[in-house]
Amino acid sequence: MQVVIVAAVVTGCAVLAYVDARDRAREDAAHRVVSTAVAVADSPTVIRAAQSADPPATLQPYARRVVADAGVDFVTIMDPHGIRWSHPDPSLIGKPFLGHIAPALRGETFTETYTGTLGASVRVVTPIRDGTRIVGLVSVGIEVDRISRQVRGQVGVLLAVASGALALGGLCTYVVNRRLRRHTHGMTAAGLSGMYDYHQATLHALREGLVLLDSARRVVLCNDAARDLLGLYGDVVGSSCAELGLPPSLTGALLSAEPRVDEVHLTAERVLVVNTSPVRGGEHRGTVVTLRDRTDLQALTGELDSVRGFAEALRSQAHEASNRLHTVVSLIELGRTEDAVDFATSELRLAQALTDQVVTAVGEPVLAALLLGKAAEAHERGVELTVTADSRIDDGVLPPGLAARDLVTVLGNLLDNAVDAAIEGTGPGRPRPAVRVTARTENGELLLRVADSGPGVDPGTISEVFRRGWTTKSEGRGLGLALVEQAARRGGGTVELRRADDGGGAEFTVRLPLRPAGQEAHA
């Protein structure tokens, strides 16, 4: 198509140039014959000869010289009646002129194309004046064939130029087309159109979030899933990553030039797995970012950890129960029945006391089961977990909008961190590690407070505690407290951290509203 267009343009220009050359040749011929005829008519020699007794004797040689000098084909001088005094063919002298002379006899100089004795020619006829009297006529002409030969000579040059232009245009078209194919990986316009349609359909069908960034870390593309996962609204294409209002850790991952693989980041509502991969084509052209929602998976993981903890606690209790049962049986076999009864009764009393305390204080089954399991796990690790006397949560108090998995996330992570902190704070001369739990409802809120006997948190790092990645443990941890803060914020609550009143370790307090703010105000 490009070659056809170039050929059509070059051909059109060549035709226009030919027509223009032909018209210019005719105009040039007309101008030459007019100027020659006027010059001959004004010559004193011609005026005198026209009034002499034998005009052809003077005018025939004169006309031949003019033809040779002016580059015209004929100069015919005649009397006012049209009888020739000169002609390229001497045998025609004295015969009538073939053509129109009436305008010249009226004193006009006019041009015409006429076929005479020499063939078709562009000629001019002008009067010879002696004062105001017309004493003769002059006709000067150039043959049409001569003009055509001149134009044909120019046509050869024109065709050569047109052919060169066509060849150059075709070569440029080939080079541009080849370069375009290289940039489009050999795909045609139809292929690119089809790829674009598939591209759009794929972007909207993907359940994973996809974000494309250019080399300046501006958003080039953001599909529907990515907008939903990141909480973005409006047109974000062209915006910088730093302008999207994302958490600092996630913004840092998007701005990083290094690839990120399965990194976990928290937004206001979700837990996201982020992968980034740079796009390189000789230079860094941008970054491809994929996002996967891990919120439900993280919650299920937390519940699975709790169940695993319960199983470990049951295994530990079964092992302890087996040891105690062997002890009781051995005492009976030794005939020390009373000692066996006392031993069994004291062990049952200790185990039942904690169970009764938790069940009595916490009627919510999820929280009660979690506390019992964590208590057994803490006891196995040598940590005393107690529930304060003012704890009280009746069954059915928690609203349906407060998800049980969020409660497991909040209380489970706080207890795990508290047990670890209490164990970290053990040492010579220090009391037994302990964790104290308070769970109650007050002023329309659910209050969960967990305090430990550990070393506490440095006041200078309190603002960083809930940031993803902050930890005092091994590398790769630091997600639990961030999840606690996210779950509390999702439920419309708050999380506070301070040093325990008894001078012990850290004390975390979570407050979750039991009903939406609008309903509470209305009530």
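The values are calculated or read from the model by the stated rules, or taken from the named source; none is laboratory data. Predicted model only: the values in this text are computed from it and were never measured. Please note: Cβ atoms are built from the backbone with ideal geometry, for glycine as well, and neighbour counts cover all protein chains shown. Side chains are part of the model used for accessible areas, which takes the heavy atoms of the whole protein and leaves out ligands, DNA and RNA. Shrake-Rupley method; radii C 1.70, N 1.55, O 1.52, S 1.80 Å.
Annotations
- Filtered residue count, region 429-460, keeping only those that are assigned to a strand (DSSP E or B), β-branched (Val, Ile, Thr) and either more than 20 Å from residue 364 (Cα to Cα) or touching a helix residue (DSSP H, G or I) at 6+ places or on another chain (Cβ under 6 Å) (or both): 2
- With respect to the conditions (1) touching a strand residue (DSSP E or B) at 6+ places or on another chain (Cβ under 6 Å); (2) part of a helix (DSSP H, G or I), residue 385 lacks only one, and its number is (2).
- Among residues that are surrounded by fewer than 18 Cβ atoms within 10 Å (Cβ to Cβ) and either polar (S, T, N, Q) or modelled with pLDDT under 70 (or both), residue 313 is not included.
- Matching option when the condition is β-branched (Val, Ile, Thr) and out of contact with any strand residue (DSSP E or B) (no Cβ under 8 Å at 6 or more places or on another chain), among 125, 157, 140: 157
- Pairs with Cβ under 8 Å, 6+ apart, first in region 1-20 and closer than 16 Å to residue 160 by Cα and hydroxyl-bearing (Ser, Thr, Tyr), second open to solvent by less than 70 Å² (accessible area, probe 1.4 Å) and part of a helix (DSSP H, G or I): 11/162; 18/151; 18/155; 18/158
- Residues satisfying the stated conditions in region 124-160, i.e. at pLDDT below 80, β-branched (Val, Ile, Thr) and open to solvent by 40 Å² or more (accessible area, probe 1.4 Å): 157
- The set of residues from region 240-269 being open to solvent by less than 60 Å² (accessible area, probe 1.4 Å) and touching a Lys or Arg at 6+ places or on another chain (Cβ under 9 Å) comprises 240, 241, 247, 249, 250, 253, 254, 264, 265, 266, 268.
- Counted residues, region 57-82 - those being open to solvent by 30 Å² or more (accessible area, probe 1.4 Å) and under 23 Å from residue 143 (Cβ atoms): 9
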